[in-house]
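Enquirer: One structure coming up, written as structure tokens, with questions to follow.
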Amino acid sequence: MSPTLIVFWGFAGLAIASALFCITRKNPVASALWLVVTLFSLAALFVILDAQFIAVLQVLVYAGAIMVLFLFVIMLLNLGRRGPADLKGPAGLAVGVALGVVLLFQLLAPARAADDPQRQCEALGQAAPLACLGLPDSVLAAMPQDAMARLQEQEGMVGAVARPLFQTYLLPFEITSVLLLAAIVGAVVLAKRKL
Amino acid sequence: MLLGPALAVSAVLFTLGVAGVLLRRNAIVIFMCVELMLNAANLAFVALAQRLGTTAGVEAGVRGQVFVFFVMAVAAAEAAVGLAIILAIYRHRETVDLQNINLLKG
């Protein structure tokens with residue numbers, strides 16, 4: 001087991017365990033703080049997966065700004081105490097767990113097929129850009145594994161992510177600003193008592 | 001070669017998010033579980049982007065990360081509007097327990 005894999009599974013386990021705590025704690029503040037742990041471990045996973053800029057954004061935007069917003073609303077509504085019966089009853093529990101297990105097996109299928117090119121090609125048809133994801137292990141191992149890491153060394157991930165963002169995806173980027181403006185106006189209108 | 005494990009972790013996190021939405025009653029906790037699902041999707045994006053960066057060139061790989069950027073922007077907008085809606089509901093009904101918010105029930 002390579003050191004990378006050990007670190008990966010360490011943070012993956014931390015993320016899953018804290019996500020489990022997040023959905024089972026009765027106190028909303030405890031839930032929010034466990035979610036922050038999940039978001040931090042996901043940031044670590046992003047670094048391992050060669051997405052350094054995204055990892056920084058994850059810490060700044062998600063663990064920083066969005067979770068502070070959540071905690072602020074919990075504080076504002078005075079929900080910091082443990083609710084009487086936050087979890088649903090036995091019937092709801094059974095349905096939720098059953099649906100969750102079915103969904104998990106559905107979602108795990110592509111993960112199991114990820115390193116099995118035969119099954120993946122069957123699943124995806126012959127779409128050319130996607131089919132290359134399922135290269136056999138022998139071919140994949142012969143390829144240089146550190147293409148993204150070398151990119152990071154050469155020009156840094158910020159520049160590398162910024163180029164497609166401001167060239168290929170310029171229009172979606174600009175539309176995002178309209179979305180954020182609409183969200184700001186909507187939040188103010190909804191939260192204000194009287195305009 | 002972390003694509004398989006990363007997709008598996010992403011699947012588990014997404015399922016935990018769905019389970020949270022189905023099992024909890026507190027509107028704010030449900031909202032946090034939605035954020036968890038968005039993050040699971042982001043993890044899948046980043047893992048597939050790394051594999052594409054190895055097999056189809058770094059430009060293709062970096063584009064996957066651009067999509068994560070967009071998902072984060074949408075999540076931020078969604079959090080702001082959603083929490084404002086929860087505030088407005090609380091002001092009307094003095095609760096965020098979904099058990100008591102059943103106007104659509106006939």
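The values are calculated or read from the model by the stated rules, or taken from the named source; none is laboratory data. This structure is a prediction, so every number in the text was calculated from the model and none was measured. Note that we place each Cβ from the backbone using ideal geometry, even for glycine, and neighbour counts take in every protein chain shown.
Enquirer: Buried (at least 19 other Cβ atoms within 10 Å of the Cβ), touching a Ser or Thr at 6+ places or on another chain (Cβ under 8 Å) and modelled with pLDDT of 90 or more: does that describe B:Met32?
Expert: yes
Enquirer: Sticking with this structure for a sec: Taking the criterion of being acidic (Asp, Glu), more than 16 Å from B:Ala49 (Cα to Cα), at pLDDT below 85 and surrounded by 12 or more Cβ atoms within 10 Å (Cβ to Cβ), would at least one residue in the range A:111-118 satisfy it?
Expert: So far as the range A:111-118 goes, yes, one or more of its residues are acidic (Asp, Glu), more than 16 Å from B:Ala49 (Cα to Cα), at pLDDT below 85 and surrounded by 12 or more Cβ atoms within 10 Å (Cβ to Cβ).
Enquirer: Additional query: Kindly indicate the residue of the range A:62-107 that is part of a loop (DSSP other than H, G, I, E, B) and either among the basic types (Lys, Arg) or modelled with pLDDT of 85 or more (or both) and also nearest to B:Cys33 (Cα to Cα) among those meeting that condition.
Expert: Looking at residues that are part of a loop (DSSP other than H, G, I, E, B) and either among the basic types (Lys, Arg) or modelled with pLDDT of 85 or more (or both), I get A:Lys88.
Enquirer: Against the definition (in contact (Cβ under 8 Å) with a residue 40 or more places away in the chain, out of contact with any Phe, Trp or Tyr (no Cβ under 9 Å at 6 or more places or on another chain) and either surrounded by fewer than 20 Cβ atoms within 10 Å (Cβ to Cβ) or assigned to a helix (DSSP H, G or I) (or both)), how does B:Ala47 come out, yes or no?
Expert: Here the answer is yes, as B:Ala47 does meet what is asked.
Enquirer: Please verify whether the range A:43-52 includes one or more residues that are surrounded by 16 or more Cβ atoms within 10 Å (Cβ to Cβ) and more than 18 Å from the chain's Cα centre (by Cα).
Expert: No: zero hits.
Enquirer: Select from the range B:69-106 the residues that are in contact (Cβ under 8 Å) with a residue 40 or more places away in the chain and over 15 Å from the mean Cα position of the chain (by Cα) and write down the one among them that is farthest from the other protein chains (Cβ to nearest Cβ).
Expert: Step by step, filter the range B:69-106, then rank; the result is B:Ile101.
Enquirer: I'd like to know if the range B:61-68 contains one or more residues that are part of a helix (DSSP H, G or I) and under 13 Å from the mean Cα position of the chain (by Cα).
Expert: yes
Enquirer: I'd like the full set of residues that are in contact with a strand residue (DSSP E or B) (Cβ under 8 Å, 6 or more places away or on another chain) and not in a helix (DSSP H, G or I), limited to the range A:1-39.
Expert: Across the range A:1-39, the qualifying residue is only A:Lys26.
Enquirer: Take the range A:158-187 and flag every residue that is more than 8 Å from every other protein chain (Cβ to nearest Cβ) and either farther than 30 Å from A:Val73 by Cα or of a type in the set (Val, Ile, Thr) (or both).
Expert: A:Val158, A:Gly159, A:Ala162, A:Phe166, A:Gln167, A:Leu170, A:Leu171, A:Ile175, A:Val178, A:Val185 - these are the residues of the range A:158-187 that are more than 8 Å from every other protein chain (Cβ to nearest Cβ) and either farther than 30 Å from A:Val73 by Cα or of a type in the set (Val, Ile, Thr) (or both).
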